[in-house]
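Structure first, commentary second.
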Amino acid sequence: MKISYNWLKEYLDFNISPKEIGEVLTDCGLEVEEIKTFESISGGLEGIVIGEIKELIKHSNAEKLSITKVDVGEIDLLQIVCGASNIKVGQKVAVALIGSTINHINGEKLNIKKAKIKGVESFGMICAEDELGLGMNHEGILELPPDVKIGTNASDYYKIERDFVFEIGLTPNRGDANSHIGVARDLYAALNINSNTNVKFTKPDLSGFKIDNTNRTISVEVLDSVACPRYSGITISNVTIKESPDWLKNKLKAIGVRSINNVVDITNYLLHEYGQPLHAFDADKIRGSKIVVRQEKQNTSFKTLDGNEIKLNADDLIICDAIGGMCIAGVYGGFESGINSETTKNIFLESAYFNPTTIRKTSISHNLRTDAALHFEKACDPNITVDVLKRAAILIKEIAGGEISSEIIDVYPNPIEGFRFSISYDRIMQLSGFPIEKEIIKKILNYLEVIIEKEESGRLDILVPAFKNDVRREADIVEEILRIYGYNNIELTDELSSAYLPKINFNHYYFKQFETSKLLSGNGFQEIICNSLTNLSELKNYFEPSNNVTVLNSKSVDLDTLRRSLLISGLEAISFNIKHKHSNLKFFEFGKVYEKVNSDLKEERILSLMITGNINEESWYSKNKNADLFKLLSIIKKILTKHGIEYTIIKVANSLFHYCLELRDKSNNVLGIVGLVTDDLNNKYDIKKEVFYAELNWDIILSLKGKLSVYKEIVKFPEVRRDLSLIIDKKVTYDEIKCLIFEKSDKLIKELNIFDIYESESLGIGKKSYSLSVILQSDMKTLTVEDIDKVMNNLINKLELKLNATIRK
Amino acid sequence: MKNQIESLQKEIDDFRINDNQTLEKYRIEFLSKNGKVQKLFDDFKSVSIDQKREIGQKLNLLKTVSENKYNESKEAIIKTTSNIGIEVPDFSLPEIPNEDGTIHPLSQVLEKIIKIFSGIGYDLSDGPEIEDDWHNFTALNFPPNHPAREMQDSFFINKNPDILLRTHTSNAQVRIMESGKMPIRIISPGRVYRNEVISARAHCLFHQVEGLYINKNVSFKELKDTIYYFVKAMFGDNTKVRFRPSFFPFTEPSAEVDISCLICHGKGCNVCKYSGWVEIMGCGMVDTQVLENCNINPNEFSGFAFGMGLERITMLHYQIKDLRLFFENDVRFLRQFQNQNI
């Protein structure tokens, strides 16, 4: 919404800069997004003066140029080189002086500097109409009347209008401020409450309104008083429709409204002054001299102002004459009934209050989002229709002539008084949280035109005017009081009133996420966040379609399904980075996956991990190593150990992976999976290197009660290490060796580790070598060589017997 | 015996220890089991009782002195020989690459926000992203024809009954209010969706952090105190705050909160569009209708709510100008956030 500073000054006698007014408006809830300077002629003709051509000679080097001497009211004449053919001695011309900027009508700007044109110095420029931004004419220089005084500023001669325009972002609840008078009301209250000034609020004077005759009375019948609670109108005869005077054109231009003709301009002016849309009919086209406000049958054809044919809905409210529809009430005019500058002599002006919901429905269903509709939707003031008609009639008579030739017709069967309720000072204080003087409260209400009908034992019975459509409860009044008092004038105390011991769950998902993220980033993993919406076709071959959660109305086909796994979006991220020459990647993401199971829509939290390329950066310090399964398994171990969770790993089938492992805890909860992504998927995302992926079921992991750390006495007796190299069948797993060693074993074996793996044909076909270290320790004594040998021999025997192992000597 | 002690003392004093070899020679000659000092101790048995005390003291002194000489000489030899032959490496080599990953800037900022509110007793709460009409709109006082619904262009999963991707995290607030346990003091961070075409300034998903406090006698002033506390903790003590009256269907009175521009500190620049202020959140007193919708008696309890966009706060903080960067996962972007000073 555009609000003019100069208009506001017509209602309020303040003497405050536009910038400060802007701040006051923002502070009381009318957010000023921008303040623009308006000049009725762009650039304001700054630095341009009127001069007279005193001398004129032809330029010796250029046939078309003249060298002039111009009197601009200074002591010396100015030498200016000019190329116009219509130039003559004695002409009055507009001269752009050195240092000025001219604003060409096409929007270009030109800085005027001292110049040398074909060897002759030139101290300014004699301007054409288009160069001044006054019009389109470029047929030579602009010639001014001979009686203009030399040295006059062009801005004075052309009576430049200057204004400042506030661009206000009006919130949907502020229909009351959808006009200059509405904004002035808030400003009036805020200025008087918060500054020492005593500003007066003067609304337009309507005392000049007089009915000339009643020769052309139009009768009005409203058939639906719910959709149209009030309908007022008046007839004005013998008007002359023509161009508007400059003052009106400039007023509208300042707020971005294009001038049409004097009558339409006045209706637009009043729309922005009062917030009341008016509609002007050609009175001679109202058949039967009768207006009927009613609905038409569904699908009745209607030709709108711009010549389009539309089909009406049965609940669209239509302004009809005795025969048929003339105008879609509050939304758009009809083709036939509007005023026409050629033929219209007599006009009927409508000023009505329509139901906001009715207007909104019609306006949206026909996609006719007109200014008038937007005003009616935000709710206008039902109690100003007649005042606005009077104001319009006065202005029309002044500008377009004619006489008022009917009484004001006013159909208002059930006057809307406003909203009556009571408020208490205590409640206001309690919700505000600080004391406000009762006098201030009453003053604010008074400035905002809220009527205090009764004050008794700390309560106020109030009547809120109908234009404050959104103020119906105590809390609404508290907002009115506080926004005028100024939110920023509420003093802070650095204390919170109600302190109580909070219950905070420090095991909450987010706390656990942050802990784990630190672990992961410390281990070289990069956190990513991917879109949870994806394209259905991406999922098609990998997930059961009937379990997908799909969006009905996505604006983008790429985003029509919620993701089922973090794998696909993760591969997209890998692919993106590989395209940008970064192929050594370690990613993790905390995100949700979504699934439809029967009619349930499920969302589960997942932690995904993925690695590809080298797992370390290339450097002089260490060799490059490719991403592999073990790197991923070790990070998973770290995460689950931090949560005190023990688990086992088994191999499972999964079509997304070459091979896939599943992690389960003792109670058989599936904690997650780890796998090597298939070539098929890799190819789809143009990924050449292996991608290892893991997905942890974060919701399940967080729901488990992990083991707590418990202190155990440190054993006093020394550890002993013995190494063993085994040659075994390739099929034998480390896990089998481990089980065998710890099975019914001597309690002296504390730890087992594998420090070398070797495969070579020299070991025998289908064989491999594992080098193990065994840590032995007793809680009771220092072990002797005999003790140790006994255990080790026993162990070797078991390995030889059960696993067919050969011990390398 | 006395003389023997004295002459041995002299012998010890005169023995020159230069290196490890002479040190070992010294040890064998004087301190070993068969050494000269021990030999005197062996002879001590034959000393008469009346001299035992005096001789014993002298002998002990000799032992201590001889051992001290050994230890001191040993230390001196270690000191003089230990640095020989050890070269200083080329410490100008580039450092071993920092292989730390980084935490996504949105997560870093979120953690800070959560810490700030934990500090004044806010618990965490969350709700589903796939939500019904009641928890996303109706309970929050969006009537069917209200203009505010126009602002929300949403992803629908189902129509009649309406199921949609939540447009704000306020659904978590409705759910906790409905649970009926008073007082309530929570923040609800989470992912939300709007049906937008993706561009530098709009995205179909983003994250919010909303807060809610409901108790007896909660006031607007307390809301203001809380927001000021947050802004100072988040953006620094010198940050200025401005409240602007605004409108939300679920709060009354409502406000939008601006802070002094972090780039120009209020002087005016292109980030704040030369206003000196940037908007960071909306807030207000929970609308009495919302309380009633959640079965809370508005005559007994009042409360406030606030909400901010995590992306917006993060963009302001790091001067990021394109929303898409957050979800593109370009490591050239992500790796810029090693420094976790927020």
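Some values worked out for this structure:
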{"read-out": "Largest-first ellipsoid semi-axes for region A:2-112, taking √(5λ) over the Cα gyration tensor eigenvalues, angstrom", "value": "44, 15, 11"}
{"read-out": "Region A:288-353: trypsin sites (Lys or Arg not before Pro) in DSSP loop, at most 11 other beta carbons within 10 Å", "value": "A:Lys297"}
{"read-out": "Cα gyration tensor, region B:105-337 - rounded (a/c under 1.5), prolate or oblate", "value": "oblate"}
{"read-out": "Shielding by partners - mean other protein chain Cβ count within 10 Å, residues of A:482-494", "value": "5"}
{"read-out": "Given charges at beta-carbon only (K, R positive; D, E negative), |dipole| of region B:2-82 in Debye", "value": "180 debye"}
{"read-out": "Cα centroid of region B:1-65 to Cα centroid of region A:438-461, whole Å", "value": "110 Å"}
{"read-out": "Normalised contact order of chain A, rounded percent, pairs of Cα under 8 Å and 6 or more residues apart", "value": "8 percent"}
{"read-out": "Helix axis angle, B:49-81 relative to chain B longest principal axis, alpha carbon, degrees", "value": "50 degrees"}
{"read-out": "On Cα atoms only, tilt of B:2-14 relative to the major axis of chain B in degrees", "value": "60 degrees"}
{"read-out": "Accessible area per residue, Å², region B:1-158 with all protein chains present, probe 1.4 Å", "value": "60 Å²"}
{"read-out": "Between B and A, accessible area buried - total, square angstrom, nearest 100, 1.4 angstrom probe", "value": "7900 Å²"}
{"read-out": "Proximal lysines relative to A:Lys744, as straight alpha-carbon distance under 22 Å, when same-chain residues fewer than 8 apart are discounted", "value": "A:Lys666, A:Lys781, A:Lys790, A:Lys798, A:Lys802"}
{"read-out": "Size of charge dipole - region A:577-714 - debye, nearest 20, with Cβ of Lys, Arg +1 and Asp, Glu -1, no other charges", "value": "360 debye"}
{"read-out": "Over region B:132-284, relative contact order from alpha-carbon pairs under 8 Å, at least 6 apart, %", "value": "15 percent"}
{"read-out": "Solvent-accessible ranking of A:Thr68, A:Thr493, largest area first, probe 1.4 Å", "value": "A:Thr493, A:Thr68"}
{"read-out": "Backbone N within region B:17-47 under 13 Å of label point (7 Å from B:Lys2 Cα along the Cβ vector)", "value": "none"}
{"read-out": "Chain B: angle of helix B:105-118 to the longest principal axis, Cα-based, in degrees nearest 10", "value": "90 degrees"}
{"read-out": "Net charge, B:Glu67 excluded, C-beta distance under 11 Å - Lys, Arg +1, Asp, Glu -1", "value": "+3"}
{"read-out": "Taking chain B and dividing mean pair separation by its residue count, relative contact order in percent (alpha carbons under 8 Å, at least six apart)", "value": "15 percent"}
{"read-out": "Within chain A, helix-based [θ] at 222 nm, where runs of 4 or more DSSP H residues each add -39,500 (n - 2.57), nearest 500", "value": "-7500 deg cm²/dmol"}
{"read-out": "Average beta-carbon neighbours from other chains, 10 Å sphere, peptide A:23-36", "value": "3"}
{"read-out": "Carbon and sulfur %, accessible surface of region B:1-111 computed with the full protein complex present, 1.4 Å", "value": "51 percent"}
{"read-out": "For region A:301-350 and region B:233-291, distance of Cα centres in Å", "value": "45 Å"}
{"read-out": "Simple Cβ-charge dipole of region B:105-337, Lys/Arg +1 and Asp/Glu -1, about Cα centre, in debye nearest 20", "value": "900 debye"}
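The values are calculated or read from the model by the stated rules, or taken from the named source; none is laboratory data. Computed from a predicted structure; not experimentally measured. When we count neighbours, we look across all protein chains shown, and the Cβ atoms used for this are built from the backbone with ideal geometry, even at glycine. Side chains included, ligands, DNA and RNA excluded: accessible areas come from the protein's heavy atoms. Shrake-Rupley method; radii C 1.70, N 1.55, O 1.52, S 1.80 Å.
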